[in-house]
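K.L.:
The structure's right below; bear with me while I get my questions together.
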């Protein structure tokens, strides 16, 4: 799927219009009045479920105070042909950076449930600004300060899905391998704030954090010996089913074979069974946090 795929473009446009509306401090009802539509129509457009005419998009962009770059991107997306119904392909494809990340943002924003397994780093949705900045600087060592600031801001903006009200916040279930708590990113101070942030976020009703310890307890199915060698995410998208996402420093992979997705879903449940429960996980995180002073 490319950046000009009609489904991706429609969702991307919806995300962009929603962000601009919120920045302009306008409600969906007010936006609807601008183009003579209902707030329900605006919601469907912002959720990527309904096409918007280019002229209506232009009218909203002007009302939202979009700059030239934002306007050009939105109108480009609005010009992509209307999506057509299609069958899920039993294949996988790999997008080269940076396009792969755009696709991921679409999936993440559209999801109502996310299950994430992390074996080396705290998952992006739970990262603090300092922790994220260290990682993003390492990933782009030649980036200037302005570019780095934009990358950090984008990562922080992604976290809005955890506290949004319309639609309801995403249900996030995270398994952190204990190694993620011990690998120092930045400094002891950065790590202390990061782990404290994880504890605070885990208190929200829509977020569950479990730690897979170095010494997991025995389980009936020997799940304690089950190993996942890399991080992965399962994203449940309304009306589109569950998507599987994996990445590394070079790009991302989106397997679409239903059998592969099921294998990862089963694997996630095995990792979950071997992990500590949320209360015990919080105690372990708090204990390790103290080691950072």
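No lab work stands behind these numbers, since they all come straight from the coordinates. As the structure is a computational prediction, the values presented were derived from the model and not from experiment. Cβ sites come from the backbone with ideal geometry, for glycine too, and all protein chains shown count toward neighbours.
K.L.:
Shape verdict for region 16-68, please, from the Cα gyration tensor: rounded (a/c under 1.5), prolate (a/b greater than b/c) or oblate.
P.N.:
rounded
K.L.:
Highest GNM mean-square fluctuation, the chain, Cα pairs closer than 10 Å: which of 58, 143, 116?
P.N.:
In this elastic network of the chain, the residue with the biggest mean-square fluctuation among 58, 143, 116 is 143.
K.L.:
Pick out which of 37, 109, 146 has the largest mean-square fluctuation in a Gaussian network model of the chain, springs linking Cα atoms closer than 10 Å.
P.N.:
146
K.L.:
Roughly what % of DSSP beta bridges within the chain run antiparallel, to the nearest 5? Please report the intermediate quantities before stating the final value.
P.N.:
On the way: 16 of 28 bridges.
The answer is about 55 percent antiparallel.
K.L.:
Quick one: Debye curve from the alpha-carbon atoms of region 104-184 only, equal weights, vacuum; give me log10 I(q)/I(0) at q = 0.15, 0.22, 0.24 Å⁻¹ to two decimals.
P.N.:
-0.60, -1.12, -1.21
K.L.:
At a Förster radius of 45 Å, what calculated FRET efficiency corresponds to the Cβ-Cβ distance of residue 163 and residue 62, to the nearest 0.05?
P.N.:
On the way: r = 29 Å, r/R0 = 0.65.
According to the calculation, E is roughly 0.95.
K.L.:
OK, next. Measure nothing but the geometry: give the 0 to 90° angle between the long axis through the Cα atoms of 129-139 and the longest principal axis through the Cα atoms of the chain, rounded to 10°.
P.N.:
Around 90 degrees separate the two axes.
K.L.:
Once you treat every alpha carbon in the chain as an equal point and sum by Debye, what is log10 I(q)/I(0) at q = 0.07, 0.15 Å⁻¹?
P.N.:
-0.29, -1.25
K.L.:
Rounded to the nearest 500, what is the chain's calculated 222 nm mean residue ellipticity when only DSSP H runs of at least 4 contribute -39500 (n - 2.57) each, over all residues? Walk me through the numbers before you get to the answer.
P.N.:
Numbers: 12 runs with 142 residues, N = 293.
When only DSSP H runs of four or more count, the value is -15000 deg cm²/dmol.
K.L.:
Please say if region 38-81 is rounded, prolate or oblate, where rounded means a/c under 1.5 for a ≥ b ≥ c the square roots of the C-alpha gyration tensor eigenvalues, and otherwise the choice is prolate for a/b larger than b/c and oblate otherwise?
P.N.:
Details: a/c = 2.12, a/b = 1.35, b/c = 1.57.
Note, shape of region 38-81 comes out oblate.
K.L.:
Most fluctuating residue of 192, 273, 63 in a GNM of the chain with Cα springs under 10 Å: which is it?
P.N.:
Of 192, 273, 63, the most mobile in the Gaussian network model is 63.
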